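**Q** Structure incoming, see below.
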Amino acid sequence: MLSLPRLAALFSLSLAALASLPAGADEPRYNQIALRAEVSQEVAHDRMHVLLYSEAQSSDPAKLAGDITRTLNAAVDQARKVKGVTVSLGSRNSYPVYDEKGQKITAWRERAEVRLESADFAALSQLTADLMSSMKMGGMDFAISQATRKQHEDALLKEAVAAFKARAQLATEALGGKGYKLVNLNLSSGGFPQPMPRMAMKGMALMEASAPAQDIEAGTSQITLNADGVIEVEMP
């Protein structure tokens, strides 16, 4: 076993050898930079959603509930007969109506919803028009299906990576670097619908009276793919 003085001498010799090496010899110097690249594409909506509702008021809550139920059942039965249309029930609620003093219940009011969805805009538009003889429209909107969104996101992925590489090279050149290496890269998607004009109340009233099938302009949404990453720039 080496004595303490012998170990101290060897340790001092090692430190001296390290100190004799040139500082930073052949060691590249790196600077880390966070970058983002973004690519996007306008994609047409391929799903149509319609919200219809039945609302009524009566002093007899049992009769009111029965009338609403019959209206809903008829709407659901009619919607199920249209190929390609998905139908589901939305919210349903009832609440009391009070007199002017707010002390006595004079009637009950109930509202129930039916939700319709389809990729066949013409069929759903006609079904909506037919159902509005007994129901009212609560809203209409359009969206991109999950399958379509994934398809376009996959196509944008290569573009996002290529855009990130181009930006990384540009940043390297701006700093006067001789190269870079990728530290990490994260890919994320996003998107938002473009503004669409909403149907005016006057138009809805006319639609309820005559029930024509509405011409559909579904609009588009912007699908975006972001490439966020960090690079290390090698300086000369």
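**Q** Please determine whether any residue of the stretch 224-233 is at pLDDT 90 or above and assigned to a helix (DSSP H, G or I). Break it down into steps so the answer makes sense when it comes.
**A** Here is the first cut: in the stretch 224-233, the ones at pLDDT 90 or above are 224-233.
From what is left, the residues that are assigned to a helix (DSSP H, G or I) are none.
No, the stretch 224-233 has no match at all.
**Q** Given the condition of a type in the set (Asp, Glu), modelled with pLDDT of 90 or more and crowded, with 16+ Cβ neighbours inside 10 Å, answer yes or no: does some residue in the stretch 132-151 qualify? Show your work before the answer.
**A** First, pick out the residues of the stretch 132-151 that are of a type in the set (Asp, Glu): 141.
Next, only the ones that are modelled with pLDDT of 90 or more stay: 141.
Within this subset, residues satisfying the condition of being crowded, with 16+ Cβ neighbours inside 10 Å are none.
There is no residue in the stretch 132-151 that is of a type in the set (Asp, Glu), modelled with pLDDT of 90 or more and crowded, with 16+ Cβ neighbours inside 10 Å.
**Q** Sticking with this structure for a sec: Which of the residues that make up the stretch 61-83 are exposed (fewer than 14 other Cβ atoms within 10 Å of the Cβ) and either touching a residue at least 40 places away in the same chain (Cβ under 8 Å) or assigned to a helix (DSSP H, G or I) (or both)?
**A** Step one: filter the stretch 61-83 for residues exposed (fewer than 14 other Cβ atoms within 10 Å of the Cβ), giving 62-63, 66, 70, 73, 77, 80-81, 83.
Listed by number, the residues that qualify are ALA62, LYS63, GLY66, ARG70, ASN73, ASP77, ARG80, LYS83.
**Q** Still on this model: Return the pairs, sorted by first residue and then second, in which the second residue is among the aromatic types (Phe, Trp, Tyr) and outside any helix (DSSP H, G or I), the first residue lies in the stretch 164-180 and is assigned by TED's automatic domain parsing to the domain that holds PRO236 and surrounded by fewer than 18 Cβ atoms within 10 Å (Cβ to Cβ), the beta carbons are less than 8 Å apart, and the residues are 6+ apart or on different chains.
**A** Correct list of pairs: GLN169/TYR180; ALA171/TYR180.
**Q** Still on this structure, I have one more. Somewhere in the stretch 70-92, is a residue in contact with a strand residue (DSSP E or B) (Cβ under 8 Å, 6 or more places away or on another chain) and more than 29 Å from ALA123 (Cα to Cα)?
**A** no
**Q** Could you check how many residues of the stretch 91-135 are within 14 Å of LEU51 (Cα to Cα), in a loop (DSSP other than H, G, I, E, B) and among the acidic types (Asp, Glu)?
**A** Looking only at that region, the number is 0.
The values are calculated or read from the model by the stated rules, or taken from the named source; none is laboratory data. For clarity, every value in this text was computed on a predicted model and none was experimentally measured. FYI the Cβ positions are ideal-geometry reconstructions off the backbone, even for glycines, and counts take in every protein chain you see.
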